[in-house]
2 protein chains.
Amino acid sequence: MKRIVILGAGNVATHLFEAFAKTPETEVVQVYNHRKAALDYFRYRVDTTCNLKALKSADFYLIAIKDDRVEALIKRLSPATAIVAHTSGSVPLQNSAQHNGVFYPLQTFSKHIALDFSKVPLCIEADTTENEQQLMALGKTISQHVYPISTSQRKSLHLAAVFACNFTNHLYAIAEHICAEQQIPFDTLHALIEETAHKAQKNSPAKNQTGPAKRHDQQTIDAHLEQLTSAELKEIYKLLTQSIQNKHGQNI
Amino acid sequence: MKRIVILGAGNVATHLFEAFAKTPETEVVQVYNHRKAALDYFRYRVDTTCNLKALKSADFYLIAIKDDRVEALIKRLSPATAIVAHTSGSVPLQNSAQHNGVFYPLQTFSKHIALDFSKVPLCIEADTTENEQQLMALGKTISQHVYPISTSQRKSLHLAAVFACNFTNHLYAIAEHICAEQQIPFDTLHALIEETAHKAQKNSPAKNQTGPAKRHDQQTIDAHLEQLTSAELKEIYKLLTQSIQNKHGQNI
């Protein structure tokens, strides 16, 4: 049985904890966080600590804290045989521990929305082949999609994820705002959002493009720009329309 | 049994035809299109015609052609008792027929991707209460989500749909492009795209926002801007980041 210490108590830490709790092949032996209050969720289920000097021995120390604190935290750890792996999309592979790795789950996590971790892609990187194999094996206990990737691939994936998740969600929020102005329940758009995401998984999104920008339907584009009262939304509308038209060329 | 003539042979017309074909309460008696070749899909299953003067009698004439041709086509129809309804999100309710309506399916349709029409929201508008009731009843034979909406609500829904579907799909295409540059299969992002869409249906997207923009993580934002080589993509990244930060205020 592999022993794991999770460092961090946020969204990623919580979902990792729940995923490992479900597999008999691993045991989370401790959760560390620098603020005690954040450990409330865990304290009746596992040993918790706010003291780095009180960390238990383990096979893996998984760091799920804010990106800009990962490096400093890892420098304070010094397990001789365990692998220290962070879970960030944008932090480089570290080298201050004896055994270093990355265990990056490519997913958007909310504490209160359950999800099936077996479908979450896990991107693995490590300083040695042996450590990569160990992390791959650990990943496979909770996910069906475990990939070894390079630092530069991980950086690109993280950037791509900002477009496909963070920016996409903001477009949903804009749509929600437009609906609210007309007292339209946002539910009305749910099926469309679902189908758009579904199609992107069946076919290349570049080939799925539809809408007034793609059709070069200037009459509708002008009407939409007139409807938008916010200068910011007009600018987003114009820029994305132009970008679609740059990609798809003339009306077809 | 309600008799329907569909005018048009594109994505919307095709999906409407398939949806009505599945219900015993309606019969599509004819499909019209101005180009004969586009009728190939239908010709072994229903009467087809390219001649407006050869239209069969029916209870409903549903117009699913390009937005800018709807008005002119409807002016050429003159059924005395039937309802003439177009299926466009952006064309106003017409008044040139005896009985006029709108039968707008709020969904993104691709000819070759099957979908469950019962989940497609249908937005209904008509010139009289009687005609609205008729169109609502027709809609309910193929969809579980049939709403009466006003012209101004429909205009806003169509605009919101551009953000939630067309622009969102373009962001997927950008993410796909970033992945391709690093030989990363786009599949790696599928679970993230799925979950982002899923969360938008569980919770307000405004509340779901995550990512470096929301966290005001300037180090990651700068690194991403440096990674992007295209001036256009840099501009989109900056504008959407700024818009998220305008909405969500200071780091929390």
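The values are calculated or read from the model by the stated rules, or taken from the named source; none is laboratory data. It should be emphasised that the depicted structure is a prediction, and the values quoted were computed from it without experimental measurement. Please note: Cβ atoms are built from the backbone with ideal geometry, for glycine as well, and neighbour counts cover all protein chains shown.
Got a number for residues in the range B:1-46 being assigned to a strand (DSSP E or B) and among the aromatic types (Phe, Trp, Tyr)?
The total comes to 1.
Going by the conditions given, is A:Leu192 assigned to a helix (DSSP H, G or I) and out of contact with any Cys (no Cβ under 7 Å at 6 or more places or on another chain)?
no
Going through B:Leu115, B:Leu73, B:Leu62 one at a time, which residue ends up being within 17 Å of B:Ile142 (Cα to Cα) and not in a loop (DSSP other than H, G, I, E, B)?
B:Leu62
Only residues in the range B:211-238 that are assigned by TED's automatic domain parsing to the domain that holds B:Thr196 and in a helix (DSSP H, G or I) count as the first member; pair them with residues that are basic (Lys, Arg) and modelled with pLDDT of 95 or more, Cβ under 6 angstrom, at least 6 apart or cross-chain, and list the lot.
Matching pairs, first to second residue: B:Leu225/B:Lys234.
How many residues does the range A:200-210 contain that are under 17 Å from B:Phe167 (Cβ atoms) and either in a helix (DSSP H, G or I) or more than 7 Å from chain B (Cβ to nearest Cβ) (or both)?
5
Please count how many residues of the range B:115-135 are over 19 Å from B:Asp59 (Cβ atoms), in contact (Cβ under 8 Å) with a residue 24 or more places away in the chain and surrounded by fewer than 19 Cβ atoms within 10 Å (Cβ to Cβ).
Of the residues in that region, 2 qualify.
Could you tell me which of the residues A:Gln144, A:Gln94, A:Gln134 is of a type outside the set (D, E, K, R) and either over 18 Å from A:Phe20 (Cα atoms) or not assigned by TED's automatic domain parsing to the domain that holds A:Asp68 (or both)?
Matching residue, one of A:Gln144, A:Gln94, A:Gln134: A:Gln94.
Listed here are the residues, each with its yes/no results for (1) under 23 Å from B:Phe186 (Cα atoms); (2) facing chain A (nearest Cβ under 10 Å); (3) touching a Pro at 6+ places or on another chain (Cβ under 6 Å); (4) outside any loop (DSSP other than H, G, I, E, B).
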position: B:Cys123; (1), (2), (3), (4): no, yes, no, yes
position: B:Asn131; (1), (2), (3), (4): no, no, no, yes
position: B:Gln134; (1), (2), (3), (4): no, no, no, yes
position: B:Ala137; (1), (2), (3), (4): no, no, no, yes
position: B:Tyr147; (1), (2), (3), (4): no, yes, no, yes
position: B:Lys155; (1), (2), (3), (4): no, yes, no, yes
position: B:Cys165; (1), (2), (3), (4): yes, yes, no, yes
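Quick one: in the range B:14-58, which of the residues that are among the small types (Gly, Ala, Ser) and under 15 Å from B:Val84 (Cβ atoms) is surrounded by the most Cβ atoms within 10 Å (Cβ to Cβ)?
B:Ala58
Restricting attention to the range B:89-106, which residues are without any contact (Cβ under 8 Å) to a residue 60 or more places away in the chain, closer than 19 Å to B:Ala161 by Cα and surrounded by 21 or more Cβ atoms within 10 Å (Cβ to Cβ)?
Scanning the range B:89-106 gives B:Val91, B:Val102, B:Phe103, B:Tyr104, B:Leu106.
Find the residue count for the range B:76-86, including only residues that are surrounded by 20 or more Cβ atoms within 10 Å (Cβ to Cβ) and over 21 Å from B:Met136 (Cα atoms).
0
For the range B:167-189: of the residues being part of a loop (DSSP other than H, G, I, E, B) and closer than 19 Å to A:Gln144 by Cα, which is farthest from the chain's Cα centre (by Cα)?
Here the answer is B:Ile184.
Tell me, which residue of the range A:191-237 that is under 21 Å from B:Tyr104 (Cβ atoms) and of a type in the set (Val, Ile, Thr) is farthest from the chain's Cα centre (by Cα)?
So the residue we want is A:Thr220.
Which ones in the range A:138-178 are basic (Lys, Arg) and in contact (Cβ under 8 Å) with a residue 40 or more places away in the chain?
Those that are basic (Lys, Arg) and in contact (Cβ under 8 Å) with a residue 40 or more places away in the chain: A:Arg154, A:Lys155.
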